[in-house]
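Only one structure is covered here, and it is reproduced in the block below.
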Amino acid sequence: MTVLNQMTRKRRAMAGYSMTELLVVCTLLSILSLTVFPVARFTVRRQKEIELRKALRQMRNAIDDYKRFSDAGLLPVELGTEGYPAELEILVEGVELVGQIDKNQRFLRRIPIDPMTGEAEWGLRSYQDDFDASSWGGENVYDVYSLSSGIGLNDIPYSEW
């Protein structure tokens, strides 16, 4: 009987983990989870910022292309627009090229959605406005900016990008 008792005791001793081992594992898991959650949160924000930069670059390039076409005499220039589009929607709708029959030049497929606000509304600046103006003069579209009141990871407000 003593041999059987000794074997049973050995099995019980080897059967599970000690309380200390369980505490160490729980501590390590909690430390790892505390480091993963902030990284995941900043990853989503960083991705939205990348989308915002891409949308701004796309619209600004379209405005610059429109200006380039108007300076080359390929687009009719309305009085007071300085060769820039009168509205942002003109870049999507397209403009007839001068001297060409049924040739419509589009500069954007669609107006991108601002990832920070979730809407396709953008702040506009005209050529006659101040560089940091928050209201649009309405003469033309010289620049676009985000209407979000948030601040980026680089501590610069999204409206100043």
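The values are calculated or read from the model by the stated rules, or taken from the named source; none is laboratory data. Not measured: the values here are computed from a predicted model. Cβ placement follows ideal geometry from the backbone for every residue including glycine, while neighbour counts extend to all protein chains displayed.
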Exercise for review: Say whether the condition of being under 26 Å from R46 (Cβ atoms) and in a loop (DSSP other than H, G, I, E, B) is met by at least one residue in the stretch 89-108.
Suggested key: yes
Practice item. Residue by residue through the stretch 132-158, note down the ones that are of a type in the set (A, V, I, L, M) and closer than 27 Å to V44 by Cα. Key: V144, L147, I151, L153, I156
Check your understanding: Taking only pairs six or more apart or across chains, which ones have beta-carbon atoms under 9 Å, a first residue in the stretch 107-118 that is touching a residue at least 12 places away in the same chain (Cβ under 8 Å), and a second residue that is surrounded by 14 or more Cβ atoms within 10 Å (Cβ to Cβ) and basic (K, R)?
Key -> P115/K48; M116/K48
Check your understanding: Do we have any residue at all in the stretch 80-101 that's among the hydroxyl-bearing types (S, T, Y), modelled with pLDDT of 90 or more and crowded, with 18+ Cβ neighbours inside 10 Å?
Key -> yes
Point to revise | Top-ranked residue in the stretch 94-124 [being within 24 Å of the chain's Cα centre (by Cα) and of a type in the set (D, E); ranked as nearest to Q58 (Cα to Cα)] | key: D114
Point to revise | Residue that is touching a Gly at 6+ places or on another chain (Cβ under 8 Å), charged (D, E, K, R), surrounded by 15 or more Cβ atoms within 10 Å (Cβ to Cβ) and within 21 Å of I90 (Cβ to Cβ), where the choices are D114, D129 | key: D129
Practice item. Among the numbered conditions (1) farther than 24 Å from T117 by Cβ; (2) surrounded by 10 or more Cβ atoms within 10 Å (Cβ to Cβ); (3) modelled with pLDDT under 85, tell me where V39 comes up short. Key: (2)
Review point. Which one of the conditions (1) out of contact with any Leu (no Cβ under 7 Å at 6 or more places or on another chain); (2) under 18 Å from W122 (Cβ atoms) does L91 fail to meet, given that it meets all the rest?
Key: (1)
